[in-house]
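Report on the following structure.
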Ligand code: PRX
């Protein structure tokens with residue numbers, strides 16, 4: 001199949017679709033012509049205490065100010081819970097599938113509402129109030145969603161930290177937002193192994209004086225020390241707490257959550273999302289991109305520690321009254337067919353996962369997929385990194401039996417929800433392309449000078465105007481927000497991604513053009529890994545770049561210069577890999593470490609990463625100009641000692 005082959009919409013499946021091709025065109029035109037009118041209507045999809053009269057007030061220049069629905073008042077938990085009680089109180093809101101295939105649970109909207117209110121009451125009892133920050137460090141258990149919504153109910157700002165992050169990473173995220181409460185669990189479970197969450201949390205809290213209380217979910221029942229006065233068992237608090245808790249009225253622009261994400265420089269930034277615009281965007285995109293229909297089971301395999309989990313496990317599906325599946329485990333345990341077994345078991349209609357998972361399943365062939373019926377499936381989705389056409393086609397043909405639409409959804413932590421993706425019954429698909437923008441999204445490609453490029457071309461991906469789900473600021477660092485996203489191409493939101501646009505106007509995301517890596521769909525800054533490496537007593541200097549990796553998309557390639565007198569041994573190499581795992585978390589473990597007596601630097605001392613990337617990718621015949629290097633001979637040494 002040629003690179004730009006069209007997979008056309010199947011009319012027999014499109015029956016009853018929310019949006020068909022004609023409707024998509026109308027929506028695109030309307031959102032452009034009259035954004036105020038378009039979003040005034042769409043805002044009605046959430047429950048307002050006071051509906052907004054002011055719709056859009058945004059500027060990408062000067063101090064950059066983004067406000068949507070700014071005089072509206074609402075509480076996100078009401079849209080996700082209370083308003084469903086009458087119409088679907090007994091419908092399952094969350095299907096929980098445990099790591100162990102023998103364990104699962106179903107939580108109705110009524111149960112979920114009560115659990116959220118109880119926890120919110122308990123948190124209130126501990127002094128949590130509107131605007132306070134609460135850090136969640138939890139496994140994929142129902143309590144994670146309960147805790148997010150309980151924060152929302154009180155107007156407290158949640159900051160979810162992925163359970164795979166180290167104590168240090170957790171500590172720096174708590175320190176930055178000065179949380180007063182941490183919610184964690186004794187242990188997590190993943191792929192048959194235990195994750196020592198409470199132990200990690202105790203370690204982290206040694207440097208977090210702002211945290212006054214810790215709520216601990218008894219999950220595995222593993223022994224964990226409890227610190228009197230600070231630590232409280234979740235089940236004990238909730239048993240005593242009131243099952244009623246009035247939702248705090250929130251302005252649309254009051255913060256809903258902070259989520260830390262990696263950039264090209266410095267420590268992770270606290271991406272701040274607010275209440276009204278985010279929730280509208282979560283509901284809008286979840287309904288349109290997945291053509292969500294009442295009663296369907298929606299399964300997003302992400303972890304709630306990432307934005308995908310926030311928007312497409314919790315807020316989007318629950319705002320739409322959906323049944324959302326939350327999976328504690330991993331796609332390949334206990335067997336490589338786990339996903340399809342779960343699809344059949346819970347009759348999943350929409351399945352949303354990452355290319356890295358698809359590639360690892362693809363490696364095992366078709367038999368594990370064919371073993372299960374998968375008849376309930378209607379739509380397949382992909383997110384997190386570019387999906388190579390080969391993986392796209394395998395997903396389409398093997399999982400989707402050449403019948404189901406595949407939506408490749410491009411977006412970012414910063415965008416709150418999906419921006420570029422086919423609507424499954426409105427836009428023909430091309431394997432490997434995120435295709436076209438959603439209504440209200442105006443992407444463009446610019447050259448390095450910021451000139452807008454027309455028609456079929458390749459360039460830096462920018463967004464020309466605001467959409468409701470856009471991040472509002474970096475927590476307590478608006479200057480960094482402006483610098484990171486609006487200074488490279490003034491007046492435009494710069495995504496950090498490069499993209500190609502074909503003659504049909506379809507976008508093909510080519511990957512990051514900055515120093516951010518995407519390893520198995522997890523985003524990581526090279527600077528963070530470098531600072532972890534140089535924190536090791538034997539390391540003098542380090543430079544980290546991405547390298548192509550068949551399964552992970554990108555692998556982590558590290559050039560390390562040791563302090564003089566240190567021996568570059570195999571043992572030290574292993575020690576450094578373990579060191580980075582411990583400093584940041586297992587997801588940051590280097591794939592390759594090359595000993596580098598010297599790094600290629602310009603005369604002013606700047607490391608030329610372009611050259612390091614080429615060597616890591618084994619593209620040494622296209623190194624480009626090396627004449628500006630202070631010492632061009634280091635390059636030859638690096639080439640001859642390439643690892644891999
Ligand atoms: O490079 C893009 C890649 O993931 C980055 C955003 O990472 P994060 O904020 O962690 O959010 C991931 C989940 C939304 C983007 O800048 N990315 C995400 N989705 C795609 C993608 N690259 C290509 N195709 C996608 N569908």
- Query: Taking the range 469-483 only, how many residues are surrounded by fewer than 21 Cβ atoms within 10 Å (Cβ to Cβ) and either touching a residue at least 60 places away in the same chain (Cβ under 8 Å) or assigned to a loop (DSSP other than H, G, I, E, B) (or both)?
  - Reply: 5
- Task: Quickly run through the range 443-464 and pick out the residues that are crowded, with 17+ Cβ neighbours inside 10 Å and part of a loop (DSSP other than H, G, I, E, B).
- Result: none
- So how many residues does the range 509-523 have that are in a strand (DSSP E or B) and near the ligand (Cβ under 9 Å from one of its atoms)? 8
- helices (runs of 4 or more DSSP H) contained entirely in the range 124-228, each with at least 2 residues that are without any contact (Cβ under 8 Å) to a residue 40 or more places away in the chain and surrounded by fewer than 20 Cβ atoms within 10 Å (Cβ to Cβ): 197-205
- With criteria (1) within 13 Å of the ligand (Cβ to nearest atom); (2) within 23 Å of residue 349 (Cβ to Cβ), residue 299 comes up short on (1)
- Query: Name the residues in the range 327-348 that are in a loop (DSSP other than H, G, I, E, B) and either within 22 Å of residue 307 (Cα to Cα) or not assigned by the TED database to the domain that holds residue 287 (or both), would you?
  - Reply: 328, 329, 330, 331, 348
- Message: On the basis of being modelled with pLDDT of 95 or more and under 17 Å from residue 311 (Cα atoms), does residue 210 make the cut?
- Response: no
- Check 473, 484, 457 and return the single one that is modelled with pLDDT of 95 or more and more than 19 Å from residue 511 (Cα to Cα). 473
- Message: Based on this model, can you work out whether residue 96 counts as under 30 Å from residue 465 (Cα atoms), in the same structural domain as residue 152 (by the TED database) and in contact with a strand residue (DSSP E or B) (Cβ under 9 Å, 6 or more places away or on another chain)?
- Response: no
- Item | Cβ pairs under 8 Å, 6+ apart, first in the range 24-35 and within 17 Å of residue 435 (Cα to Cα), second assigned to a helix (DSSP H, G or I) | 27/38
- Picking from 505, 491, 440, which residue would you name as being at pLDDT 95 or above, closer than 28 Å to residue 292 by Cα and surrounded by fewer than 20 Cβ atoms within 10 Å (Cβ to Cβ)? 505
- Item | In the range 379-396, the residues that are more than 19 Å from residue 423 (Cα to Cα) and surrounded by fewer than 21 Cβ atoms within 10 Å (Cβ to Cβ) | 388, 390
- Tell me, which residue of the range 399-416 that is within 11 Å of the chain's Cα centre (by Cα) and in a loop (DSSP other than H, G, I, E, B) is surrounded by the fewest Cβ atoms within 10 Å (Cβ to Cβ)? 412
- Task: Taking residue 376 as the residue in question, decide whether it is surrounded by fewer than 20 Cβ atoms within 10 Å (Cβ to Cβ), touching a residue at least 12 places away in the same chain (Cβ under 8 Å) and more than 12 Å from the ligand (Cβ to nearest atom).
- Result: yes
- Query: Restricting the first residue to the range 413-438 and requiring it to be without any contact (Cβ under 8 Å) to a residue 60 or more places away in the chain, which pairs with a second residue that is part of a loop (DSSP other than H, G, I, E, B) and within 9 Å of the ligand (Cβ to nearest atom) meet a Cβ separation below 7 Å and a spacing of at least six or different chains?
  - Reply: 419/411
- Message: Looking at the structure I just gave you, is residue 404 in contact with a strand residue (DSSP E or B) (Cβ under 9 Å, 6 or more places away or on another chain) and more than 16 Å from the ligand (Cβ to nearest atom)?
- Response: yes
- Give the residues of the range 418-437 that are away from the ligand (no atom under 15 Å from the Cβ) and surrounded by fewer than 23 Cβ atoms within 10 Å (Cβ to Cβ), sorted by residue number. 425, 428
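The values are calculated or read from the model by the stated rules, or taken from the named source; none is laboratory data. Bear in mind the structure is a predicted one, so any value in this text is a computation, not a measurement. Note that each Cβ is placed from the backbone with ideal geometry, even for glycine, and that neighbours are counted across all protein chains shown.
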